[in-house]
Amino acid sequence: MKPAFNRLTLGLKRYLGLSSRKSVADLQKERERMKLMDVQRRIGMYLRGLWGREFVIKPREVKFSTLHGSHPFVEDDAIHLPEAYYELTRNGDLHFTGLQFYRAASAHAAAHLVYSRKRSASDALAPWQKASISTIEDARVEALAIRRFPGLKKLWAAQHMATPAHHQTADDYLDRLARALLDDAYVDDDPWISKGRTLFKAADTLENDGIARDIGMALAHELREKKVDFSPGPGAHRAAYRDDNRLLWESAKPAAEEEQIAPTTFFESKILSIWEFARFGYGEKRKSAITFYDAEFLFADDKPLTDEAAETATELESDEDLDKLSALLSKKTASEASSPETYQYSEWNFRSQNETESWVTLREMNAAPGDLQIVDNIIAQNNHLLSRMKVLLNAIRYGGVHRVRKLEEGDEIDINAAIRSQIDIRLGMQPDPRIMMRTVRKTRDISVLLLLDLSQSTNEKVLGQEHTVLELTQQVCVLFSDAIETVGDPLAIHGFCSESRHNVEYYRLKDFDQPYDDVPKAKIAGMTGQRATRMGAAIRHATYHLNKQHSRKKLLILITDGAPDDVDVRGEEYLRWDTKKAVEGAGRSGINTFCISLDPRADRYVSRIFGARNYMVVDHVSCLPEKMLMLYAGLTR
């Protein structure tokens, strides 16, 4: 037993002392590995520099048991890259670094997100056909990307290693075809490869998504006639940077967000007292085993025809009748296209201390455009203020740098941490190994949604001034939107009003991805004040839109002139508690909510809703645009 133990001990000492070949090889292998966490920020900047847009990059676990486990993929508009890439050597010389692998893989996946706009049904195609179409689509998006950035061709072509000597499987032929379509200098005399090159070069325009399907279907038939083995998945000689093309295919299952016509197995009813009914009471809930469908769907055939429909339902005897039918169908289609999108939201009852699901109906309405001269007048009258706002925003555009301390691996030694560790060593205590630090440049990654109260009370004049609250809100939107173009932060401007829980209207005056041109300006100029203020539902819907943004920081700024209120609610506490719960829900989603109130009496309730540090009551409303900008600079710093 003792000789065996001594032998193991000697082997361990040699391994840890780098005296054995295996230890040196393992250390060299670890040194040559490039981790995604070390280059993820650089890759993001690389893609932003190429395409001028942000891409979401996520790591995926590398599975060494299978080759395709380490291939990237694109899913849900996000690029998933392996956690690590190893350097590629040929004949002892370095051929491709890990960083070059990441650049090639991310650029290829980004090209798919930019150019592969159409998905095909995967269940309708055979694996041979899917593999051929995927290869042609890879070549198509790369050719379009190379037109804009010719240097990508050298980056991608260097990773293709398939040669005419590889002809055992169908994957070998597909890998050779991929190289032939990318690299004009590659020589391959196989008739199938030559036909693929000819068809690809003869394509009228590469912008057409259908080219990949047409060429791929033509080549798949001949590839199958070669009688070679085919196994779905990446081939042994496939370029490591290419993804698995799952982005190109959609399954036959319905999308989760797609509304399905299905029975509701239980009908939920409530037994309410008179007092409960008058005050949104919540009596005992009972469920009945009643299956029901959409009444409009069930009884569509039983509806009486209108005069116009009855006239078109008769036998068509002339071209005039056909014209009438076409006009009626066009009118119906137009009315259906302009119908508002409807959402259902829950609401909090502070008396029963629970939420009622699907209690509020919110509709996204089309904002009516106004006179652009209103916007031009606001800019002309506040040109000096707009200049000061732009100077301030330009000063916060570059966030400078900050030091990240307490790191085990970093750029430089943190002297204070090193001294503390040395003191612990001399005291016989366990030292903290985190003695490094790294200097990181601050970058702005924030999305802002400006939510406006467009209730009837905004038509009242501001105390002591000639303009109304609505006109002041318009002024804030115009100056703030114009000034924020300086920093380029994504900005959305939405408004809301309500008339009972059945009718909450929501207006999207400007969206995050929408340029600040005449379209949003006209919508801001056409704002009107009407109805009441059901604030909780509007905040929940604004949270829904902010959650779609991929920014690190999200900010919701609410401008209102009063407390939450609606026509079907008695008392003050009900909607205030519901708004508080909506703000808490936004906070759980990582959204910072801030309220700017123009109500002089807001101090007694606004802090309870939004928090002690998340509101501002503006006493002198004439200074609102400048105060709001200072607030924005502080919140986004």
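The values are calculated or read from the model by the stated rules, or taken from the named source; none is laboratory data. Computed from a prediction, not measured in an experiment: that's the story for all the values here. Cβ: placed from backbone, ideal geometry, glycine included. Neighbour counts: every protein chain shown. Only protein heavy atoms, including side chains, enter the accessible area calculation; ligands, DNA and RNA are left aside. Shrake-Rupley method; radii C 1.70, N 1.55, O 1.52, S 1.80 Å.
Brief remarks follow.
- Using the 1.4 Å probe convention, the accessible area of the stretch 31-248 works out to 49 Å² per residue with neighbouring protein chains retained.
- Cα radius of gyration and Dmax for the stretch 417-562 (Å): 23.2, 75
- Surface analysis of the stretch 401-441 yields an accessible area of 81 Å² per residue, using protein heavy atoms and a 1.4 Å probe.
- Each Lys or Arg adds one and each Asp or Glu takes one away; over the other residues whose Cβ falls under 10 Å from the Cβ of residue 343, this sums to 0.
- Protection proxy ranking of 403-415, 503-515, 341-353 - average other beta-carbon atoms within 10 Å, highest first: 503-515, 341-353, 403-415
- Highest-first arrangement of 151-164, 486-499, where packing means the average Cβ count within 10 Å: 486-499, 151-164
- Quarter of the Cα convex hull surface for the stretch 401-441, i.e. its orientation-mean projected area (nm²): 2.5 nm²
- To put it simply, the accessible area of the stretch 31-248 at a 1.4 Å probe is 49 percent carbon and sulfur.
- For the peptides 370-383, 551-564, residues were scored by their other Cβ atoms within 10 Å and the scores averaged per peptide; the highest-first order is 551-564, 370-383.
- Farthest toward the positive end of the dipole of the stretch 31-248, out of 149, 185, 241, is the Cα of 149, where the dipole comes from beta carbon charges about the Cα centre.
- Think of the stretch 31-248 as a dipole: +1 on every Lys or Arg Cβ, -1 on every Asp or Glu Cβ, centred on the Cα centre; then among 84, 164, 50, 50 lies furthest on the positive end.
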